[in-house]
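K.L.:
Input: one structure, supplied below.
The values are calculated or read from the model by the stated rules, or taken from the named source; none is laboratory data. The structure presented is a predicted model; accordingly, all values stated were derived computationally and were not measured. Positions of Cβ are backbone-derived with ideal geometry, glycine not excepted, and every protein chain shown enters the neighbour counts. Quick note on the areas: whole protein, heavy atoms, side chains included, nothing else; ligands and nucleic acids left out. Shrake-Rupley method; radii C 1.70, N 1.55, O 1.52, S 1.80 Å.
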Amino acid sequence: MKNLLFLFFLGFTLPVFAQDINSLVASARKKIDAVNDYEASGRMKTNVTFLKVPVATVSIYFKKPNKLKVKSEKGISFVPKGAVSINMSNILGSDFTVIDGGDDKINGVPVKIARLLPTDENSDVVLSTVYIDPVKNLIMKARTTTRENGTYELEMSYGKFAAFGLPDKIIFSFNTKDYKLPKGVTFDFDDGTKIKASDVKNKKGRAEITFKNYIINKGISDAIFTK
C-alpha cells in the first residue's frame, strides 16, 4: 500500500519538477520574440591576439528578423560576421528540432541544455546548443556551429532588461581561422596599424559588450543598417 501511495505521489509531482525541454525553449523564445527592434548603447572591449584594440563606446542596432549593426563612436570595433548572433533572436528565429542535452551549471546556476537542429537543410547554422535557466527562462550561454563562419560562443548575464531576454553583458568568443578573409588584403586601422589577412588565421578572438541602456520597440529605420 505504501509503495502504491509513493508511486501515485511521484507520478503526480513529476510534471511540476520535470519541465519539458520543448516548453522551456518556447518560454525563452517567447521573451525574445517580444522584441521587434532595439537601440542600445554600451562599451565594447575586444581582445584579438594579433591586434591591440582600444575599448570603444558603441551603439548597437537590431531589427527583426536578423538585422544587426554595431557602430563604434571612437576607436576600432573588430566584429566578425558571426556576431550577428549576439542577439538570440537570430538563433531562435528559425524552425528547428529540439533535443534534450541534459543538465549543467553555469556560475553555480543550474541550467538545462537544449540542442537545436535546423529543419532547413540549406541553413547556414548546423547546430546551436543553448543553456537555459529553467527558473528565469533565460539563455545563459549559446554555442553555434555554422557552415560558412565556423563556431562561436556567447555568454550572457542579465539585469534590468531580463524580462525582454536582453542581457546586460555579452561575451562573444570566436576563432579567426573560421572566417573567410580575402587573400592579399591589408587591414588599415585608425592608429596606422597594418595587418595582412594571411596573418589573421589561427588566432583567437573575444569581444565583450557591456550594455548601458536599451530603447526597445520604438521603431528603427532600415537605413541605419546600410550606412
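K.L.:
Scan the strands (runs of 3 or more DSSP E) fully inside region 150-227 and keep the ones with 1 or more residues being modelled with pLDDT under 90 and of a type in the set (V, I, T).
P.N.:
Fully inside region 150-227 and qualifying: 151-157, 186-188, 194-196.
K.L.:
Only one of V55, V79 is out of contact with any Lys or Arg (no Cβ under 9 Å at 6 or more places or on another chain) and either at pLDDT 90 or above or at negative phi (or both); which?
P.N.:
Sole residue among the options that is out of contact with any Lys or Arg (no Cβ under 9 Å at 6 or more places or on another chain) and either at pLDDT 90 or above or at negative phi (or both): V79.
K.L.:
Here's a check for you: in region 95-152, which residue that is open to solvent by 30 Å² or more (accessible area, probe 1.4 Å) and hydroxyl-bearing (S, T, Y) is nearest to D20 (Cα to Cα)?
P.N.:
The extreme case among them is T97.
K.L.:
A further question on this structure: Starting from residues that are among the aromatic types (F, W, Y) and open to solvent by 20 Å² or more (accessible area, probe 1.4 Å), keep the ones in region 153-177 and report whichever is nearest to D20 (Cα to Cα).
P.N.:
By that ranking, first place goes to F164.
K.L.:
I've got another one for you. Tell me which residues, restricted to region 117-137, are part of a strand (DSSP E or B) and either more than 20 Å from F62 (Cα to Cα) or at pLDDT 95 or above (or both).
P.N.:
Listed by number, the residues that qualify are L117, P118, V126, L127, S128, T129, V130, Y131, I132, D133.
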